[in-house]
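The values are calculated or read from the model by the stated rules, or taken from the named source; none is laboratory data. Keep in mind the model is a prediction, meaning the values are calculated, not measured. Counting neighbours? That spans all protein chains shown, and the Cβs are built from the backbone with ideal geometry, glycine included.
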Amino acid sequence: MSRLGLPTMTLPPQLRGRPAKAVGVAVLVLFLYALPLLDLPIVTTPDSDFGGVLYTMATYVLVALGLNIVIGYAGLLDLGYVGFYAIGAYVTAVLGVQHGHWPYLLTIPVAVAVTMLSGVILGAPTLRVRGDYLAIVTLGFGEIIRLSAKNSDWLGGARGIQNVPKPPSVHLFDVPHLKWENGTVLVDVTNKTQAFVFGFVDYVPYYWMALTVVFIVLIADMLIKSSRVGRAWEATREDEDVAEVMGVPTFRYKLLAFAMGAFVGGLSGSISAAGANFIYPDSYQITVSVIFVAAVVIGGQGNRWGVMLGAALVVYLPERFRGLEEYRILMFGIALMLLATFRPQGLLPPRVTRRAKALERDLEDLETGEEPQEVTS
Amino acid sequence: MGQDVAAGPGETTGRPMLEVDHVTLRFGGVAALDDVSFEIREGEILGLIGPNGAGKTTCFNVMTGVYRPTRGEVRFRGRPLTRMKRFQITRLGIARTFQNIRLFKTMTALDNVKVGGDTNSSVGLLNALFRTPRQRREESETHQRAMELLEFVGIGRRAEELAANLSYGDQRRLEIARAMATNPKLLCLDEPAAGFNPAEKQRLMELIRKVRDQGFTVLLIEHDMRLVMGVTDRIVVLEFGRKIAEGPPAEIRDDPAVIAAYLGVDEDDAS
């Protein structure tokens with residue numbers, strides 16, 4: 001049916017029947033996969049391995065997509081999201097090395113299943129409270145997970161777990177990186193990425209893996225959001241009582257949002273553990289939860305592109321300006337303050353917010369007697 | 001009960017659809033509703049009137065499951081609603097609008113109606129993820145039905161507008177469309193004409209008659225006596241949480257208790 005030879009079914013509705021847009025998306029996707037190899041000047045982080053930074057960015061983007069379902073779509077403030085991230089990582093580590101020798105790929109389904117289950121267990125009693133109360137309860141959840149891991153010898157205690165299993169390596173071909181010297185581009189034959197070898201030095205294959213998962217989750221996100229499930233979430237966020245009167249079982253949908261969010265969080269945690277090689281409880285501090293929420297809020301909660309951008313930035317900016325040393329956190333703080341002042345809705349607010357704003361402007365123009373710009377419907 | 005439409009005001013003979021049976025509701029020591037009983041019959045437009053604070057909206061909230069009665073019960077086609085969740089009551093066939101407009105503001109008019117329409121759909125997450133034929137069929141049915149309803153209430157051209165950006169009158173109409181989308185047997189309208197000028201009220205009443213002619217039973221709360229008299233088949237009058245009269249509009253108009261409680265005051269205000 002489609003021009004790309006893909007069944008139309010798998011394409012998100014936004015891309016259906018638009019070949020130009022589909023080509024543009026394909027180019028962007030290729031660019032994102034090639035990004036760590038291009039070694040672009042200015043873009044590439046000077047003081048840390050760019051492949052590694054991109055890998056972390058991709059795992060955070062994944063987190064933001066999951067958290068966006070909870071905060072952006074369903075309107076539930078979850079301050080303990082790091083708990084799910086930690087559970088995903090720990091399940092992979094426990095099954096893979098601490099208490100078993102499962103291959104990495106087999107630990108993933110168990111990791112997401114356990115995380116989802118914990119999301120339901122957390123959500124079932126707590127989703128009956130609203131707003132700030134929910135934030136406090138989830139905050140506690142994140143800490144409970146971290147402290148449980150820290151105080152349990154079975155989970156490795158404070159030292160954590162080493163030698164987390166890695167994805168299976170299949171060495172198919174080598175890809176050289178590019179090198180930029182005085183404006184000319186060279187192919188750097190001394191610096192090659194082995195595709196697809198998941199080792200200890202080169203993080204590019206991990207980045208590819210994480211990016212692929214990001215795309216899968218992204219498509220799922222689009223499909224769900226544009227269905228009645230997405231509408232039910234939005235209605236619940238807007239006015240829970242009215243949604244209920246309109247026949248939406250709001251509790252069930254909130255629980256579903258929680259479970260979906262947990263699923264993605266656990267997935268991201270498991271993927272991050274693969275590259276980290278060793279995990280320990282204190283890397284899942286409350287501050288990580290705060291960064292996750294910051295990513296969603298900075299990007300524009302409710303807009304999937306916005307939260308992805310937000311997540312990429314909260315990882316990228318501190319790494320890019322690592323040279324500033326401790327001042328980089330200060331810079332980050334200043335950037336946050338500027339953003340809160342000038343774009344309180346986030347960098348890319350949901351389209352509805354933008355449209356509402358545009359209409360407000362038109363109305364103001366009308367009131368002040370200026371001609372509004374022609375709007376055609 | 002199509003024949004009721006032709007029967008004219010006051011002559012409805014339909015079976016009882018919803019029964020309010022000796023309902024008392026207390027908030028602390030205050031009885032908001034005191035032993036109220038009446039019924040709504042299939043295919044009629046029942047008016048629920050009374051002075052401010054008489055308990056009309058409270059009565060409404062008991063019927064739609066927002067409050068639980070302290071004593072007595074509400075039955076819909078013989079089934080007690082007392083233990084049901086609100087969304088289950090909606091699915092059973094009772095829909096309502098809100099006196100103080102409560103739309104999903106950041107959603108489009110169309111999506112507002114679709115949320116109501118989703119009541120009739122049962123496809124879940126997995127169907128949505130894999131875009132199964134069933135999901136696509138139900139989605140397009142919901143879409144079509146929502147568009148029809150927007151056309152029906154007269155705001156089809158505003159479908160893609162955000163609910164918050166609709167005019168006041170269109171928001172009231174959207175409330176009705178959204179409630180109708182849940183495919184109710186009984187449609188409860190809580191002062192749908194509040195804030196309207198006489199011409200707008202007239203058009204709204206025509207709409208309500210059209211709704212009834214589509215086979216819905218309607219419960220109407222309204223302040224404006226002339227409108228209530230013109231459109232309803234029967235009227236129930238509340239005062240201080242008690243039912244003081246019930247009957248066809250002509251009888252209510254001449255009921256001394258009603259005149260004392262409500263009409264006299266209202267007509268003084270109106271003249």
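Pull up region B:146-171, narrow it to residues that are more than 14 Å from chain A (Cβ to nearest Cβ), more than 16 Å from B:Thr106 (Cα to Cα) and in contact (Cβ under 8 Å) with a residue 12 or more places away in the chain, then point me to the one that is surrounded by the most Cβ atoms within 10 Å (Cβ to Cβ).
The selected residue is B:Leu150.
Among what's in region B:117-145 and is of a type in the set (Gly, Ala, Ser) and within 8 Å of chain A (Cβ to nearest Cβ), pick the residue that is nearest to B:Ile208 (Cα to Cα).
By that ranking, first place goes to B:Ser121.
Could you pull out every one of the strands (runs of 3 or more DSSP E) wholly within region B:35-116 that has 1 or more residues that are within 14 Å of chain A (Cβ to nearest Cβ) and under 17 Å from the mean Cα position of the chain (by Cα)?
B:94-96
Considering only region B:50-60, state which residues are under 18 Å from B:Ile252 (Cα atoms) and either in contact with an Asp or Glu (Cβ under 6 Å, 6 or more places away or on another chain) or at pLDDT 90 or above (or both).
Result: B:Gly50, B:Ala54.
Can you confirm whether A:Gly230 is under 29 Å from A:Tyr203 (Cα atoms), of a type in the set (Gly, Ala, Ser) and not in a loop (DSSP other than H, G, I, E, B)? Don't jump to the end; show me each part of the working.
Details: under 29 Å from A:Tyr203 (Cα atoms): no; of a type in the set (Gly, Ala, Ser): yes; not in a loop (DSSP other than H, G, I, E, B): yes.
So A:Gly230 does not fit the description; no.
Within the bounds of region B:227-237, is there any residue that is assigned to a loop (DSSP other than H, G, I, E, B), over 26 Å from B:Leu33 (Cα atoms) and not acidic (Asp, Glu)?
Keep residues of region B:227-237 that are assigned to a loop (DSSP other than H, G, I, E, B), which gives B:232-233.
Now narrow it down to the ones that are over 26 Å from B:Leu33 (Cα atoms): none.
Looking through region B:227-237, none of the residues is assigned to a loop (DSSP other than H, G, I, E, B), over 26 Å from B:Leu33 (Cα atoms) and not acidic (Asp, Glu).
Go through region A:29-65 and report how many residues are buried (at least 17 other Cβ atoms within 10 Å of the Cβ) and free of Cβ contacts under 8 Å to residues at least 12 places away in the same chain.
Adding up the residues that qualify gives 1.
Just checking, which of A:Leu218, A:Leu223 is assigned to a helix (DSSP H, G or I), over 14 Å from the mean Cα position of the chain (by Cα), within 14 Å of chain B (Cβ to nearest Cβ) and closer than 27 Å to B:Asp118 by Cα? Please lay out each step first, then the result.
Values: A:Leu218 fails: over 14 Å from the mean Cα position of the chain (by Cα).
Only one candidate qualifies: A:Leu223.
For region A:243-284, enumerate the residues that are over 23 Å from A:Leu122 (Cα atoms) and not in a helix (DSSP H, G or I).
Across region A:243-284, the qualifying residues are A:Met246, A:Gly247, A:Asn277, A:Phe278, A:Ile279.
Answer with yes or no whether A:Ala276 is surrounded by fewer than 20 Cβ atoms within 10 Å (Cβ to Cβ) and either of a type in the set (A, V, I, L, M) or within 30 Å of A:Pro165 (Cα to Cα) (or both). Don't jump to the end; show me each part of the working.
On the way: surrounded by fewer than 20 Cβ atoms within 10 Å (Cβ to Cβ): yes; either of a type in the set (A, V, I, L, M) or within 30 Å of A:Pro165 (Cα to Cα) (or both): yes.
Yes: the conditions hold for A:Ala276.
Kindly indicate whether A:Leu211 is in a helix (DSSP H, G or I), more than 24 Å from A:Pro125 (Cα to Cα) and within 11 Å of chain B (Cβ to nearest Cβ).
Working: in a helix (DSSP H, G or I): yes; more than 24 Å from A:Pro125 (Cα to Cα): yes; within 11 Å of chain B (Cβ to nearest Cβ): no.
No.
Are any residues in region A:66-78 surrounded by fewer than 24 Cβ atoms within 10 Å (Cβ to Cβ) and touching a Phe, Trp or Tyr at 6+ places or on another chain (Cβ under 9 Å), and if so, which ones?
Once the filter is applied, which keeps residues that are surrounded by fewer than 24 Cβ atoms within 10 Å (Cβ to Cβ) and touching a Phe, Trp or Tyr at 6+ places or on another chain (Cβ under 9 Å), region A:66-78 yields only A:Gly75.
Determine whether region B:2-15 contains at least one residue that is among the β-branched types (Val, Ile, Thr), on the phi < 0 side of the Ramachandran plot and at pLDDT 85 or above. Give the steps one after another, and end with the answer.
Here is the first cut: in region B:2-15, the ones among the β-branched types (Val, Ile, Thr) are B:5, B:12-13.
Of the ones still in play, those that are also on the phi < 0 side of the Ramachandran plot are B:5, B:12-13.
Filter once more, so that each one left must be at pLDDT 85 or above: none.
No, there is no match, as no residue in region B:2-15 is among the β-branched types (Val, Ile, Thr), on the phi < 0 side of the Ramachandran plot and at pLDDT 85 or above.
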